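Novice: What follows is a structure written as structure tokens; I'll ask about it next.
Read-outs throughout are calculated quantities, based only on the coordinates presented, and are distinct from any laboratory measurement. For clarity, every value in this text was computed on a predicted model and none was experimentally measured. Neighbour counts run over all protein chains shown; Cβ positions are idealised from the backbone, glycine included.
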Amino acid sequence: MLHSLILMVAQTTVLLAISPFLVGVIRKVKARLQLRRGASVLQPYADLAKLFQKQPVISTATSWIFTATPYIVFTSLLTAGLLVPTFTSQTPMNFAGNIIALVYLLALGTFFLILAGLDAGSAFGGMGSSREAIVASLTEPAMILSIFAIALTNGSTNVSTIVHKTALLEGIVTDPSPHLMALAALFIVALAETGRVPVDNPATHLELTMIHEAMVLEYSGRYLALLEWSAGLKLAVFLSLIANVFAPWGIATTMTPAAMAIGLLVYVAKTAALAVLIGVIECMFAKLRLFRVTDLLGVAFILALLGLLFFYILRS
Amino acid sequence: MLNLLWILLAGYGAGILLPLCLPRRPEAQSLTAGVPAIVATSAGVVLGLLGLTSSEPVTGSLASTIPLLTLAIRLDSVAAFFLFTISVVGLAASIYAIGYLRHLAGRASIATLGALFNAYLLAMTFVVLADNGVFFLLAWELMSLLSYFLVVTEHEKMEVRYAGLFYLIMTHIGTAFIVMAFLIFFQSTGSFSFETFRQPGQPLTEGMRNLVFLLVLIGFGTKAGIVPLHVWLPYAHPVAPSHVSAVMSGVMIKTAIYGLIRVYFDFFDGQFPWWWGFTVLFLGTISALLGVMYALMEHDLKRLLAFHSVENIGIILLGIGAGMIFQSYGLKELAALGLLAGIYHTINHALFKALLFLGAGSLLYATHTRNMEEYGGLLRRMPWTGFFFLIGAVSISALPPTNGFVSEWLVFQSLFLSFQIPTVFLKLMLPIAAAILALTGVLALACFAKAFGIAFLAQPRSAHARHAQEVPVPMRIAMGFLAAFCVALGIAPMVVVPLVDRVVAPLAGLSIERKVLALDGWALAPVNVEFSSLSTPMLALLLAALAMLGLGLAVALGGRLKARHYKTWGCGINLTPQMEYTATGFVQPIKRVFSTIYQPTVKLETEFLDESRYFAKRRRFEFHIEPIFEKYLYDPLVAFFATLAGRLKVIQAGSLHLYLTYIFITLIALLLLAV
């Protein structure tokens with residue numbers, strides 16, 4: 001019991017601590033590829049600290065939904081984060097929910113963000129909310145199918161069980177093709193869900209192209225800080241999911257301090273590597289028009305479906 | 001238990017007679033109808049719970065002078081479950097009506113409305129209790145007719161009369177199919193008793209069984225609102241008084257689910273080929289997806305909710321259909337799981353849909369309009385209604401840790417466990433159904449984000465909304481009661497699962513309570529602990545604890561800076577409600593992406609100033625969704641029957657002599673046949 005509690009606290013701390021870092025890495029990579037020096041990878045921490053100390057301004061048109069949303073989003077993402085293994089493959093909260101619970105916890109945050117976007121009564125917020133609704137509806141089927149294709153190999157839909165089993169197999173997968181297709185699908189989903197190019201651009205300043213940033217446009221002070229942190233958390237959750245499900249090498253499968261220490265180092269390295277990849281993609285691709293995003297997410301869905309088909313064909 | 005049944009009957013009886021016999025002021029009439037209904041439904045709730053927990057079904061019967069009709073009732077666990085559902089929703093609706101009827105005073109007779117409502121609840125109770133085919137059909141017909149009378153409460157309006165007629169025709173088509181199915185049973189058993197339906201002397205032939213399957217599916221499907229038989233729902237449910245809509249949408253359509261379960265799993269004892277289950281699953285998938293899609297485009301709040309009933313019936317059928325498929329492959333545990341998921345979702349949908357309809361009724365009460373585009377900013381004016389509506393919206397969007405989430409999660413698990421089915425076709429079809437369910441779930445989320453966001457947030461969009469006030473206390477109590485149920489059934493599945501299991505066990509032939517509950521009931525782990533697990537109490541606890549962490553972090557890192565309140569930045573001009581995002585605007589991207597399904601027609605006419613074509617004088621914007629089923633399925637059918645009737649007019653000359661000749665000829669023909 002105490003053991004689980006310590007692990008939970010450790011996991012929460014790791015997630016909270018690593019998420020600004022991952023955002024910083026992406027920004028740094030983008031800056032270097034654009035031949036700029038860029039801010040330090042630690043800049044997001046300073047941004048958060050500054051935002052927490054600013055006085056928030058709240059629109060008089062809003063209701064309690066507006067002030068409650070940052071806390072709800074932050075909470076739902078942290079809870080989702082506890083269902084995904086980070087540095088150790090045996091997360092104590094594994095029993096609390098499987099991949100479906102994870103998806104619906106993310107949806108809980110999305111639901112309230114959409115509401116908050118509408119609350120201030122500005123057209124920008126509404127625009128962001130409306131677009132988030134369509135992007136979210138197209139990503140979830142692909143996400144569920146892609147995880148299911150992997151779940152079949154391991155006989156489990158609980159992320160931690162999948163990771164633990166794969167890690168004990170030393171990462172040897174008998175038929176890699178379903179896994180590769182599911183990986184590709186999940187990566188596209190991750191880009192869409194975390195609001196990255198080519199679906200959304202977190203660095204944009206043009207209202208007409210924004211999705212996530214438009215929804216949080218009216219936020220300031222500690223509320224904005226929580227939402228920015230949550231955006232980082234979402235990135236961390238997805239990168240942990242991809243890194244540990246598809247490449248569980250090095251993750252701590254036992255409870256010894258040495259294994260944990262190695263697990264933590266490997267975890268930081270793996271997620272940072274994925275963050276670098278995202279940074280490169282953001283530099284290489286232009287943002288898609290909103291109605292072209294559907295094609296991209298359609299591809300993700302088909303890939304996940306093919307993964308499933310391949311699994312059954314290879315088995316029989 | 002018999003005493004409770006008498007209390008229930010006496011309560012409904014008093015609720016029918018008292019308001020009619022004691023004509024007084026409308027306030028007194030709504031009380032004389034409401035209080036007996038509250039007593040009767042409370043008795044129903046207790047009776048349902050007792051029936052669920054007792055081991056032996058309670059039976060009773062009264063012979064009648066009408067041939068073939070025995071007034072036989074049987075309270076087994078299936079009937080008890082539906083009795084409980086009907087009574088809980090009926091209880092909330094009766095409390096609500098006490099406050100709500102005031103709003104209808106002067107436009108309708110409160111006494112008649114109250115009496116009809118009591119009779120309607122009573123008829124529904126007999127539908128699930130009946131143990132005789134003729135008695136069942138009588139109660140079924142009574143339920144349909146009484147709901148028709150309730151639908152046409154505001155019959156001065158053309159729209160209401162049209163909706164009522166449409167409903168009346170559809171429900172009778174459905175009843176005709178059920179009658180045919182029962183007649184096939186009667187033909188082979190010679191009795192209308194459900195007991196002989198279960199164990200017929202000579203079993204039905206293969207072809208007859210398949211025919212009964214289809215007849216029952218169409219018959220009950222019409223009442224349930226399965227696509228493409230759903231067309232009456234969005235007409236009839238919105239125009240009824242809101243507490244009636246809540247009961248119609250929340251529980252009346254569930255009596256059809258009761259009928260399907262009764263026939264397939266009880267009468268046929270779960271013996272059927274795989275394509276039965278696949279048909280149900282397929283129709284469920286289509287209903288779920290199309291229901292939510294049409295709901296998204298709807299801006300009349302009550303019509304939107306009616307379309308969501310189609311969606312949720314689809315989700316229930318996904319669970320039951322998966323259960324049927326597993327059953328035909330002999331996967332007993334999974335069959336029980338599918339049924340469990342479907343039945344769990346049945347009560348959940350009853351609760352949150354009734355809650356949402358009562359919420360919509362409160363908005364109608366406060367603003368006198370059902371058009372969402374005229375709401376706005378109501379959360380500040382109606383904080384209680386808003387809060388309860390939000391709980392309903394979160395539940396129907398299946399977000400953790402509410403009840404809708406738990407049952408949808410169970411449906412997902414039963415679809416995922418399809419890898420144990422031996423055929424590859426079904427192995428692939430069930431996960432695809434799961435993916436469509438995921439799509440349905442998010443679209444429902446978008447739809448309710450729209451409904452809540454446009455209705456309750458931002459600034460009021462009309463004078464109606466600006467002057468809205470919180471609704472009377474009884475209405476708030478009713479909504480709070482249902483909202484509490486929605487949360488409780490979400491975070492306490494360990495209480496619900498054993499009860500639902502008592503319904504499933506006799507139908508599927510084994511109890512899976514122990515197979516579904518793990519960790520002393522704190523987690524759900526259907527069939528295989530390793531495959532999946534979910535603990536909503538733990539998730540609720542985590543959410544609460546981490547919310548504290550969030551608050552703590554905000555204070556620790558930034559202190560308690562007081563927020564400044566200022567108007568929303570509108571790029572230098574004052575924001576008006578006209579600049580807010582509308583419901584139509586909100587769903588525009590979805591409309592465009594799924595335009596193959598919607599087939600929208602958009603018309604934009606612009607009238608320019610004479611001086612310059614750069615300035616528009618007036619703009620007219622119109623947009624319609626193609627009602628595919630009405631246009632391509634129902635209109636041709638109606639046209640066909642109209643032509644047929646035109647042809648038959650020749651023999652219907654209106655002459656009495658001619659008709660007497662017809663009768664004479666028929667008599668001769670029959671006599672010849674008899675010889």
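Novice: Which whole-angstrom value gives the distance between the alpha carbon centres of the range B:61-114 and the range A:251-316?
Specialist: Spelled out, the Cα-based centre of one part sits 55 Å from the other.
Novice: If the cut-off is 12 Å between C-alpha atoms, which aspartates and glutamates fall inside it for B:K302, apart from same-chain ones fewer than 8 positions away?
Specialist: none
Novice: Once Rh is set to the Kirkwood radius over Cα pairs, what Stokes-Einstein translational diffusion coefficient, in µm²/s, holds for the range A:2-315 at a temperature of 20 °C and a viscosity of 1.002 mPa s?
Specialist: Working: Rh = 19.9 Å.
Approximately 108 µm²/s, per Stokes-Einstein.
Novice: At 222 nm, what value in deg cm²/dmol follows for chain A if DSSP H runs of at least 4 each add -39500 (n - 2.57) and the sum is divided by all its residues, to the nearest 500? Can you show the working numbers first?
Specialist: Details: 11 runs with 228 residues, N = 316.
It comes out at -25000 deg cm²/dmol, rounded to the nearest 500.
Novice: So, counting K/R as plus one and D/E as minus one, what does the shell of residues with Cβ under 15 Å around B:E605 add up to?
Specialist: Working: positive: B:K603, B:R613, B:K617, B:R618, B:R619, B:R620; negative: B:E607, B:E622.
With Lys, Arg at +1 and Asp, Glu at -1, the net is +4.
Novice: While we're looking at this one, here's another question. How many angstrom lie between the Cα centre of the range B:221-267 and the Cα centre of the range B:340-415?
Specialist: Distance between centres, Cα-based: 18 Å.
Novice: Could you work out the mean count of beta carbons from other protein chains within 10 Å of each residue's beta carbon in B:377-387? Could the numbers behind the result be given before it?
Specialist: Working: counts 5, 1, 6, 4, 1, 0, 2, 0, 0, 3, 1.
Per-residue shielding by partner chains comes out at 2.
Novice: A follow-up question, please. Provide the gained length on full extension for the span B:Q578 to B:Y614, in nm with one decimal, where the gain is 0.36 nm per separating residue minus the Cα-Cα distance. Intermediate results must be reported in sequence, preceding the final value.
Specialist: Values: separation 36, 0.36 × 36 = 12.96 nm, distance 2.19 nm.
In short, 10.8 nm is gained.
Novice: Could you rank the peptides B:307-314, A:237-244, B:560-567 by their average count of other C-beta atoms within 10 Å per residue, with the highest value first? Mind dumping the intermediate values first?
Specialist: Working: B:307-314: 28.1, A:237-244: 25.2, B:560-567: 11.0.
Ranking the peptides B:307-314, A:237-244, B:560-567 by packing returns B:307-314, A:237-244, B:560-567.
Novice: As an exercise, use a Förster radius of 25 Å and the Cβ-Cβ distance of B:L428 and B:I173 to find the FRET efficiency, rounded to the nearest 0.05. Mind showing how you got there, number by number?
Specialist: On the way: r = 35 Å, r/R0 = 1.39.
Efficiency, rounded to the nearest 0.05: 0.10.
Novice: Moving on to the next point. Could you please report the charge total around A:P202, scoring K, R as +1 and D, E as -1 over all other residues with beta-carbon less than 10 angstrom from its beta-carbon? The partial results should precede the final answer.
Specialist: Working: positive: A:R27, A:R196; negative: A:D200, A:E213, A:E228, A:E282.
Spelling it out: positives minus negatives among the neighbours equals -2.
Novice: Report the full-extension gain for the segment A:I313 to A:F291: residue separation times 0.36 nm, less the Cα-Cα distance, to one decimal in nm.
Specialist: Numbers: separation 22, 0.36 × 22 = 7.92 nm, distance 3.38 nm.
Length gained, A:I313 through A:F291: 4.5 nm.
Novice: Pairs of Cα atoms under 8 Å, at least six residues apart: use those to get the relative contact order of chain A, whole percent. Each step should come with its number before you reach the end.
Specialist: Working: 507 pairs, mean separation 92.4, N = 316.
Relative CO of chain A lands at 29 percent.
Novice: How shielded is A:64-75 by partner chains, expressed as the average number of their Cβ atoms within 10 Å of its Cβ atoms?
Specialist: Values: counts 5, 7, 1, 1, 1, 0, 2, 8, 3, 1, 7, 10.
Going residue by residue through A:64-75 and averaging, the value is 4.
Novice: Then there is this: Which entries in the list A:K28/A:K165; A:K28/A:K287; B:K254/B:K515; B:K254/B:K450; B:K450/B:K591 go over 24 Å, if you measure between the two C-alpha atoms of each? Working shown, then result.
Specialist: On the way: A:K28/A:K165 35 Å; A:K28/A:K287 19 Å; B:K254/B:K515 27 Å; B:K254/B:K450 26 Å; B:K450/B:K591 14 Å.
Those over the limit are A:K28/A:K165; B:K254/B:K515; B:K254/B:K450.
Novice: May I ask you to compute the full-extension gain from B:T65 to B:I597, defined as 0.36 nm times their residue separation minus their alpha-carbon distance, rounded to one decimal in nm? Present the calculation step by step, with values, prior to reporting the outcome.
Specialist: Working: separation 532, 0.36 × 532 = 191.52 nm, distance 5.38 nm.
Answer, rounded to one decimal: 186.1 nm.
Novice: Let me ask you something else. With the Cα gyration tensor of the protein assembly as shown giving a ≥ b ≥ c as the square roots of its eigenvalues, does the rule (a/c under 1.5 for rounded; else a/b larger than b/c for prolate; else oblate) give rounded, prolate or oblate? Before the final figure, lay out the partial values.
Specialist: Working: a/c = 1.81, a/b = 1.45, b/c = 1.25.
Because a/c hits 1.5 or more and a/b exceeds b/c, the protein assembly as shown counts as prolate.
Novice: A further question follows. If I fit a long axis through the Cα atoms of helix A:221-246 and take the longest principal axis of the Cα atoms of chain A, what angle between them do I get, 0 to 90°, rounded to 10?
Specialist: Roughly 20 degrees, rounded to the nearest 10.
Novice: Now for a separate question. Quick one: which of B:428-437, A:85-94 comes out on top by average Cβ neighbours within 10 Å, and what's the full order, highest first? Write down the numbers at each step before the final one.
Specialist: Numbers: B:428-437: 21.5, A:85-94: 23.5.
Packing order, densest peptide first, comes out as A:85-94, B:428-437.
Novice: Sticking with this one: Arrange the peptides B:252-259, A:245-252 so that the one whose residues have, on average, the most other Cβ atoms within 10 Å appears first. Working shown, then result.
Specialist: Numbers: B:252-259: 24.6, A:245-252: 20.8.
Ranked from most to least packed, the peptides come out as B:252-259, A:245-252.
Novice: If you average the alpha carbon positions of the range B:608-675 and of the range B:1-20, how far apart do those two centres end up, in angstrom?
Specialist: Computed from Cα coordinates, the inter-centre distance equals 44 Å.
Novice: Please identify every one of the trypsin sites (Lys or Arg not before Pro) in the range B:574-675 that sits in a loop by DSSP and has no more than 10 other beta carbons within 10 Å of its own beta carbon. Mind showing how you got there, number by number?
Specialist: Values: sites: B:K591, B:R592, B:K603, B:R613, B:K617, B:R618, B:R619, B:R620, B:K631, B:R647, B:K649; in loops: B:R613.
Loop-located and lightly packed - B:R613.
Novice: Sum -39500 (n - 2.57) across every DSSP H segment of at least 4 residues in chain B, then divide by the residue count to get the 222 nm mean residue ellipticity, nearest 500.
Specialist: Numbers: 28 runs with 454 residues, N = 675.
The per-residue figure over chain B is -22500 deg cm²/dmol.
Novice: Apply 1/(1 + (r/R0)^6) to the Cβ-Cβ distance of B:L670 and B:K631, taking R0 = 51 Å, and write down the FRET efficiency to the nearest 0.05. Walk me through the numbers on the way to the answer.
Specialist: Values: r = 43 Å, r/R0 = 0.84.
The pair B:L670/B:K631 has a calculated efficiency of 0.75.
Novice: Given Cβ point charges of +1 (Lys, Arg) and -1 (Asp, Glu) and nothing else, what value in debye, to the nearest 20, does the dipole of the protein assembly as shown about its Cα centre take? Please list the in-between numbers first.
Specialist: Working: 60 positive and 47 negative charges, 410 e Å.
Dipole of the protein assembly as shown, to the nearest 20 debye: 1960 debye.
Novice: Partner chain Cβ atoms within 10 Å, averaged over the residues of B:551-558 - can you pull that number for me? If you can, show how the numbers build up before the last one.
Specialist: Numbers: counts 4, 0, 9, 10, 2, 1, 8, 13.
If you average over the peptide's residues, the count of other-chain Cβ atoms is 6.
Novice: Could I ask something else about it? Where does the charge balance sit around B:K617 when Lys and Arg score +1, Asp and Glu -1, over other residues with C-beta under 14 Å from its C-beta?
Specialist: Working: positive: B:R613, B:R618, B:R619, B:R620; negative: B:E605, B:E607, B:D610, B:E611.
Neighbourhood net charge equals 0.
Novice: At R0 = 41 Å, how high is the FRET efficiency between B:V529 and A:A269 if r is their beta carbon distance? Nearest 0.05 is fine. Kindly include the intermediate steps, with their values, before the conclusion.
Specialist: Numbers: r = 33 Å, r/R0 = 0.81.
Computed FRET efficiency for B:V529 and A:A269: 0.80.
Novice: Further, regarding this structure: Under a point spin-label approximation (7 Å from Cα along Cα-to-Cβ), what is the A:Q55-B:E154 distance to one decimal in nm?
Specialist: Taking the simple label geometry, A:Q55 and B:E154 are separated by 4.9 nm.
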